[in-house]
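The values are calculated or read from the model by the stated rules, or taken from the named source; none is laboratory data. This one's a predicted model, so the numbers in the text were calculated from it and none came from an experiment. So basically every Cβ, Gly included, is an ideal-geometry build from the backbone, and we count neighbours across all protein chains shown.
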Amino acid sequence: STSLSQDKHDWRDILVIGELKKSEKEIRAKDTLLQISCYVRDVFAAQPTRRFVHAFTVCGTKMEMWVFDRSGPYSSGIIDVNTDRRQFLQVFVGYTMMSDEELGLDTFIARNEDGSKSITIKESESSEELTLRLSEMLTFQHAIVCRGTTCFLTDDGEVEGVAKLSWVSDKRRPEVELLKLAAQKNVQGIARIIGHSTITSIADMRCGLTFDNKHHDFKSATSSRVSSLHQSQPSAEPCHLNIHQTSSRKCKYPGKGMQVSKQPHFASQSLRTSQQNNELTFSIQSVHTPSLFDRNGKELYDNRVLRCLVISPAGRPIYKYKSPLELLMALRDAIKAHQSLYLDGNILHRDISENNIIITNPEKTDGHSGMLIDLDLAKEVGSERSGARYRTGTMEFMAIEVLLNVDHTYRHDLESFFYVLIWQCARNSWRKLNELQRQRQRQPQDSLLREWYTGTYVKIATYKRGNMEAGGFELVLQEFPLEFECVKHLCRTIRGVLFPYGREGMIVGTPQDPKILYDPIIKAYDDAIAVIEA
């Protein structure tokens, strides 16, 4: 109708994705799946707390149904529209009659009559139910196969903090346990727990499904298209399920008292695998093959658990700094927090990024200008490997050896801190573009840092190593605007600490004594801050 065509539609309103193509040969083409993957990624970006998304493709007379969740896509197999007309009609009637729960919409966050949103969790100490009102959304992820981390500010007068919802592998220790352990060991600079809740899991949502162990192979897919499926990790391979054995399937969701709408919706590698020795004493780290590539694994998918964790204090992400001084003070204190977490708490963070460092008010946080958050990927030192299927970290900030799948150490986190600093100076500093243009400064059109997040792990590691060499590093510093000229000496100093030279060239290995790195890096920050404040 005319009125319908004039309506504005948004990815936030999409319930089911469909793709129609003329040739039935395209039903098995990887580009067809990657195309609907791009659409699904946009749905997850617009609806970040969405649990899963239904999709279908009709190519000629062939049809295939898909479901995308945080562990990847799986399909029904192909049906013929002509010979399976009844099933074809059942599919579309099913889509139009699904409830919020069956469509994969978020049912944990309550939508109140006044338009506000709230959550109900268990209070950390008393285990009593605590209802908190949500305000601004702080962050979400632009990917399908990932933790889907989404954060909201919470502020009910008495309780001010951040609510985080994320899908974490059930092979990893829950973040709430690590935060409690850190509190018991008096770790400084780490958030405190207000409350938490376990909501559902991939296994719960896929219960009743029978998979036939067949996988699509997309090895030749271009990295730009495959990025629709994943974020900073190898892609999850789509599986088949036998749709004829799943007609009685019902999704199960834990949690009592959950209000779910039952109203129907209408479908609108290796540079070097060994580490070299120089004047410092280094520990040799072993190299492991990612379990995702283990074809003999018994599990068809990684079972992720959706949890909600509310922590305090609230703060601004590090990339929202207002001055070079604020940036350096926040990073210095976050590094101190990492040092305390590692040395006092015996916990390694393993996911240092611009999303996991916050700027805080030192008057409200015992003098901390910056704090470390998000222990989803952290582990207690000395514990066994989790068995989770992916490398830990965010691509742009991954250490060189982590990209090459060397065991994660404290030094790799310090290297990630360094990349966060460089990223803020060379990339985020240009947010004030109009002001900088008036000062006749031009942002680099083809940043060297672009290669930090595109391509294979080995290519990114190779490129980063070249950037950290003396000559290459000076080219990176040239991308800093004039306002950050005062930070260049700090960057050169930290580069010298993290990447010393031995007889065989630049070293990226880990000193056995953490003080060899922590002390000079923190001192370098102190000196740079003192110069700016003078």
Quiz item: Got at least one residue in segment 488-510 being farther than 18 Å from Leu404 by Cα, loosely packed, with under 14 Cβ neighbours inside 10 Å and of a type in the set (A, V, I, L, M, F, W, C)?
Solution: no
Exercise. Filter segment 482-534 down to residues that are out of contact with any Phe, Trp or Tyr (no Cβ under 8 Å at 6 or more places or on another chain) and assigned to a loop (DSSP other than H, G, I, E, B) and give me whichever is farthest from Gln443 (Cα to Cα).
Key: Asp513
Exercise. Test Val168 against the stated conditions and say whether it is farther than 20 Å from Ala46 by Cα and either out of contact with any strand residue (DSSP E or B) (no Cβ under 9 Å at 6 or more places or on another chain) or part of a loop (DSSP other than H, G, I, E, B) (or both).
Key: no
Self-check item: helices (runs of 4 or more DSSP H) lying entirely in segment 314-432 (those with 2 or more residues that are small (Gly, Ala, Ser) and modelled with pLDDT of 90 or more)
Solution: 324-343, 410-426
Practice problem: Give me the pairs, please: first residue somewhere in segment 63-90 and within 30 Å of Val305 (Cβ to Cβ), second residue anywhere and among the basic types (Lys, Arg) and at pLDDT 95 or above, beta-carbon distance under 7 Å, and either six or more positions apart or on two chains. | Solution: Asp69/Arg51; Arg70/Arg304; Ser71/Arg304
Quiz prompt | Which listed residue, of Phe108, Phe140, is closer than 27 Å to Leu34 by Cβ and of a type in the set (Phe, Trp, Tyr) | solution = Phe140
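Yes/no per residue for (1) within 20 Å of Asp333 (Cβ to Cβ); (2) outside the structural domain of Arg332 (by TED's automatic domain parsing); (3) within 28 Å of the chain's Cα centre (by Cα); (4) modelled with pLDDT of 95 or more:
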site: Gly455; (1), (2), (3), (4): no, no, yes, no
site: Gly471; (1), (2), (3), (4): no, no, no, no
site: Gly502; (1), (2), (3), (4): no, no, no, no
site: Ile522; (1), (2), (3), (4): yes, no, yes, yes
site: Asp526; (1), (2), (3), (4): yes, no, no, yes
Quiz item: Only one of (1) part of a loop (DSSP other than H, G, I, E, B); (2) outside the structural domain of Cys146 (by TED's automatic domain parsing) fails for Ser126. Which number is that?
Solution: (2)
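Residues are listed down the side, and each one gets a yes or a no for (1) surrounded by 14 or more Cβ atoms within 10 Å (Cβ to Cβ); (2) modelled with pLDDT under 90:
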| site | (1), (2) |
| --- | --- |
| Gln441 | yes, yes |
| Arg465 | yes, no |
| Ala530 | no, no |
| Ala534 | no, yes |
